[in-house]
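Beneath this line is the structure, given in structure tokens, with notes to follow.
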Amino acid sequence: MANPLEQFEIHPTAPLSIAGIDASLTNAGIFMLATSVSVVFFVLMGMRRSSLVPGRWQSMVEMCYEFIAGMVKENIGQKGRSYVPFVFTLFMFILAGNLIGLLPYSFTVTSHLAVTFAFAGLIFLATIIIGFINHGMHFLGMFIPRDTPVVLLPLIVVIEVISFLSRPVTHSVRLFANMTAGHILLKVFAGFIVSLLLAGGFLSSISVLPALMIVILNALELLVAVVQAYVFALLTCVYLNDAVNLEH
């Protein structure tokens, strides 16, 4: 049975070296470009003939945008309107990357921690910068909850700081782990089918069981792909809310 982790290997497809630095175009880079192009194509084709009575494609684009706009408004408020394009772009890229990764012989860019951590790290830095721009040094007040007893203040501050610094880790690992685990399961059950068919006899007759499991897992992976894109965008809104609306 093939190694289930082979599907996550990165291979150079167009070798390129610039000043001794490996800048080769890899399979991961190709699918990132494909994901970006698919999102742009989806949005532009849906809005190229926008009308008061939207068609199916325009309705899908508007539904996605209104969904994200509603999420931002609910979690950040009116001040969050300027962040809708960013959250919408982030959500659409992750959603498209997750869905493309379900196609046969494709590559799931969100199954690599480097990709998800890059997104999470960008959001983390943006939260800090936006927080200091909006509130100055008062932004540090988020580490001191209201009505905290003086005796517990040092302990609470340490906990809040650790919780804040762990955000990019938990934010990125959640998406990476879910996408990786699902694809590994699909590969394992696909290997079971091949092994049972090669064994012949009675074992080949029960190969329908892992085949049925693959169908179920694919349906589950489709749901996970959508949910994980939603969760990533939702957490982004929650973190931006701390920078825009200082609660402590």
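The values are calculated or read from the model by the stated rules, or taken from the named source; none is laboratory data. Treat the numbers as computed from the prediction; the structure is a model and nothing was measured. Cβ: placed from backbone, ideal geometry, glycine included. Neighbour counts: every protein chain shown. For the accessible areas, the whole protein counts, side chains as well, though only heavy atoms, and no ligand, DNA or RNA atoms are used. Shrake-Rupley method; radii C 1.70, N 1.55, O 1.52, S 1.80 Å.
Here are the numbers for the structure shown:
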| item | result |
| --- | --- |
| Accessible carbon and sulfur surface of the chain relative to its total accessible area, %, 1.4 Å | 73 percent |
| Estimated vicinal HN-Hα couplings, Hz - segment 73-84 in sequence order (Karplus 6.51, -1.76, 1.60; Gly, Pro = x) | 5, 5, 9, 10, x, 5, 5, x, 4, 5, 9, 4 |
| Accessible area of the chain divided out per residue, in Å², using a probe of 1.4 angstrom | 58 Å² |
| Helix 167-199 axis, angle to the chain major axis (alpha carbon atoms, nearest 10°) | 10 degrees |
| Relative contact order of the chain, defined on C-alpha pairs under 8 angstrom at six or more residues apart (%) | 26 percent |
| Per-peptide average of other Cβ atoms within 10 Å, ordering 76-85, 178-187 highest first | 178-187, 76-85 |
| Among 166-173, 234-241, the order from most to least packed when residues are scored by Cβ within 10 Å on average | 234-241, 166-173 |
| Amide H contacts of L25 (H built 1.01 Å from N, under 5 Å, at least 5 apart or other chain) | T13, A14, L16 |
| Label selected from (1) 1, 6, 10, 13, 14, 14, 12, 10, 8, 6, 4, 2, 1, 0, 0; (2) 1, 6, 12, 16, 18, 15, 10, 6, 4, 3, 2, 2, 2, 1, 1, 0, 0, 0; (3) 1, 7, 15, 20, 20, 17, 11, 6, 2, 0, 0, the criterion being P(r) over Cα pairs in 5 Å bins from 0, in percent as computed here | (1) |
| Estimated [θ] at 222 nm from DSSP helical runs (n ≥ 4, -39500 (n - 2.57)) normalised by residues in the chain, nearest 500 | -24000 deg cm²/dmol |
